[in-house]
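Inspection log for the structure reproduced underneath, given as structure tokens.
Here, each number is a calculation from the coordinates, and none is a lab measurement. This is a predicted model, so every value here is computed, not measured. Note that each Cβ is placed from the backbone with ideal geometry, even for glycine, and that neighbours are counted across all protein chains shown.
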Amino acid sequence: MPALGCTITLGVVEEAYLTLPLEEFRRAYLNIATTTLEDRVISRAKWEAVCSEDAQSTGEIFAFDVNPERSAAAIVAVGPGPTIEVVEYRPGVAWLVERITELSRQYRASVAFDRQGPAGSFAAQLERQYVELIGLDGKAVQRACGSFYDAVIAQQLSVRISPDLDRAVEGASKREFGDLWVWGRKSSRFDISLLVAATCGTWALANRQNARIPLASFG
């Protein structure tokens, strides 16, 4: 803080620390980029409007993602509506292939993922397990992000309440590609693998050619 002791006294800083929200203090006095409620890509109000304890998805499409550090992985189920439900969000990645294979076989479902992201490294292992994959390329991911955002804003999807997914949406940022954008894994405040999985799964359900019969719910 270069101005400390010159144009800003320690007392002013102390008062600001005690009275300002922590995020605002970090932004204003420590020059740390932060995300406030107003900076959220999807506002809290819009997100809460599509979330419900009663929402239940069916295993028509599963989708997964992995964070860049490979310290956690996520699986969601997407069914008609569309309706999104978190299936797994766990540390590490050693468990991922086995769990995806189990779900795909049990529900006879395709599995969507961003093939150019960290999840892409699991494609060969899953193919050897005969899992039917829907790999989104870069353009498809861009379209998927825009479509997911539009669906939330228009309240055209439902999400079973999940604190982990809530946190991903809260901390998510965008990475621009000209007039389009994708979720920014590295620039987001929190792990957004659940949000990326939900986005890919929603796009896959809307764009696949062969609809599948709804099966059991995860509720």
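Taking one quarter of the surface of the C-alpha convex hull of region 44-207 gives a mean projected area of 8.5 nm². Residues whose amide H falls under 5 Å from that of E60, counting only those 5 or more places apart or on a different chain, are V78, L215, with hydrogens built in the peptide plane. Karplus-derived 3J(HN,Hα) values for region 48-65, using 6.51 cos²θ - 1.76 cosθ + 1.60 with θ = phi - 60°, are 4, 5, 9, 9, 7, 5, 8, 5, 9, 9, 10, x, 7, 9, 10, 9, 9, 8 Hz; glycine and proline are entered as x.
Among the trypsin sites (Lys or Arg not before Pro) within region 47-105, not one is in coil by DSSP while having at most 10 neighbouring Cβ atoms inside 10 Å.
Excluding R70 itself, what net charge comes from residues whose Cβ is under 12 Å from its Cβ, given Lys and Arg +1 and Asp and Glu -1? Numbers along the way, then the final one.
Numbers: positive: R185; negative: D65, E69, D191.
Here the count lands on -2.
Compute the relative contact order of region 85-219 as a whole-number percentage, counting only Cα pairs closer than 8 Å that sit 6 or more residues apart in sequence. Before the final figure, lay out the partial values.
On the way: 144 pairs, mean separation 34.0, N = 135.
About 25 percent, as a whole number.
Among L157, L195, L96, the order by Cβ neighbours within 10 angstrom, fewest to most, reads L157, L96, L195. Summarising the amide proton neighbourhood of S158: residues at separation of 5 or more, or on other chains, whose placed amide H is nearer than 5 Å comprise T83, I84.
On the basis of the beta-carbon distance and an R0 of 30 Å, R99 and E14 show a calculated FRET efficiency of 0.05. Counting charges near Q156 (Lys, Arg +1; Asp, Glu -1) among other residues having Cβ under 15 Å from its Cβ returns a value of 0.
Using a 10 Å cut-off around each Cβ, can you sort L126, L165 from fewest to most neighbouring Cβ atoms?
Neighbour counts put them in this order, fewest first: L126, L165.
By the count of neighbouring beta-carbon atoms within 10 Å, fewest first, V141, V169, V131, V76 end up ordered V131, V141, V169, V76.
Here the 3J(HN,Hα) profile of region 116-121, calculated from phi with Karplus coefficients 6.51, -1.76 and 1.60 at θ = phi - 60°, is 9, x, x, 5, x, 6 Hz, Gly and Pro shown as x. Taking amide H as placed 1.01 Å from N in the peptide plane, the amide H of I134 sits under 5 Å from that of V111, A112, F113, each at least 5 places away or on another chain.
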